[in-house]
Structures are given as C-alpha cells and as structure tokens.
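Every number in this text was worked out from the coordinates using simple rules, so none of it is lab data. For clarity, every value in this text was computed on a predicted model and none was experimentally measured. A quick note on method: Cβ atoms are made from the backbone with ideal geometry, for glycine too, and the neighbour counts reach across all protein chains shown.
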Amino acid sequence: MLDDDGTMETAFQAEGKIFGIECTSTLTIVGTSRPDGSDLEGYGMMFTKEGDVLTIRTSARGIPKGPMPAMSVRGVTFFYTQSPKLARLNNIVSIYELELKEDQSYEVKDWEWK
C-alpha cells in the first residue's frame, strides 16, 4: 500500500512474442481503488531475445471478478523504441483485455487500434 487512499504498486515479468519475436517484459503497475474497480497505470520495458528494447506505458480499468486479485482489465498500451525493425510500434495504439484469475495466472489479448 502506497497511501491511505488505497493506492498499491506491483511489479511483474512476463514472456511472450511481439511480431513473432520472443521477448521478456518487466512492468510496474500502480493501482488506485475505486468503488467499482481500480484505475491502473503501468510503466516498463520489453527486451527481445535479439537485443531490441522497447519502453511500455499502459493505462487501464480493472473490474473485480471474484476473490482478489481476480479481475477483468481493459486498457491501452503505447510503445516507444529506437529499434528499426520494431519502429512501427511507435505509431501503434494497442487495446487489450486481460483476465486475471485468483491464482494470479492471466490471459491477455491485444489488438492494434486503427
């Protein structure tokens, strides 16, 4: 807990692929409790196995779905990179859905907003 208003911070790592390239993400999320859910802001880095680096910024709303930490999260992600092969990410707005389960496992789906 960061303050008396219900603001919390958590960090996590994940592995996945971006444009078919394996990567690892490290993200810190700050959440503020609201009567009907949580406002979430996140910042982090993504590193590809090929040595590319991306900065990540995300903003979302979390809606409780059972015992904590289970929730549905809907949000938007912005990427920043100097990597020529991933440069198109600098102009992409990614919309996502994340379903977080009570055991802290999750499933996420991303779409490019055009």
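In terms of modelled amide H atoms, which long-range or inter-chain residues lie less than 5 Å from the amide H of T7?
L2, S33
Using alpha-carbon pairs under 8 Å, 6+ residues apart, how would you state the relative contact order of the stretch 16-63 in percent? It would help to have the intermediate numbers written out before the result.
Working: 87 pairs, mean separation 16.4, N = 48.
Reported as a whole number, the value is 34 percent.
What is the distance in Å between the Cα centroid of the stretch 54-97 and that of the stretch 19-48?
Each part reduced to its Cα centre gives a spacing of 6 Å.
With no solvent and one point per C-alpha, what does the Debye sum give as log10 I(q)/I(0) for the chain at q = 0.10, 0.13, 0.21 Å⁻¹?
Debye intensities relative to I(0), on a log10 scale: -0.31, -0.52, -1.22.
Pairs of Cα atoms under 8 Å, at least six residues apart: use those to get the relative contact order of the stretch 45-90, whole percent.
Dividing the mean separation by the residue count of the stretch 45-90 yields 33 percent.
Can you divide the C-alpha Rg of the stretch 60-114 by 2.2 N^0.38 Å and report the result to two decimal places? Provide the component values of the computation, followed by the final result.
Numbers: Rg = 14.0 Å, N = 55, 2.2 N^0.38 = 10.1 Å.
It is 1.39.
Which longest run of the chain has no exposed loop site in it, a site being GluC sites (Glu not before Pro) in a DSSP loop with at most 16 other beta carbons within 10 Å, and the site itself not part of the run? Mind dumping the intermediate values first?
Numbers: sites that count: E50, E102.
My reading of the result: 51-101 is the longest stretch.
Relative contact order for the stretch 7-113: what is it in percent, counting Cα pairs under 8 Å that are at least 6 residues apart? List each step's numbers first, then the result.
Details: 249 pairs, mean separation 17.8, N = 107.
Computed value for the stretch 7-113: 17 percent relative contact order.
Starting from the Cα-Cα distance between W113 and T32, subtract it from 0.36 nm times their residue separation and give me the gain in nm to one decimal. Please list the in-between numbers first.
Values: separation 81, 0.36 × 81 = 29.16 nm, distance 2.58 nm.
Result: 26.6 nm gained on full extension.
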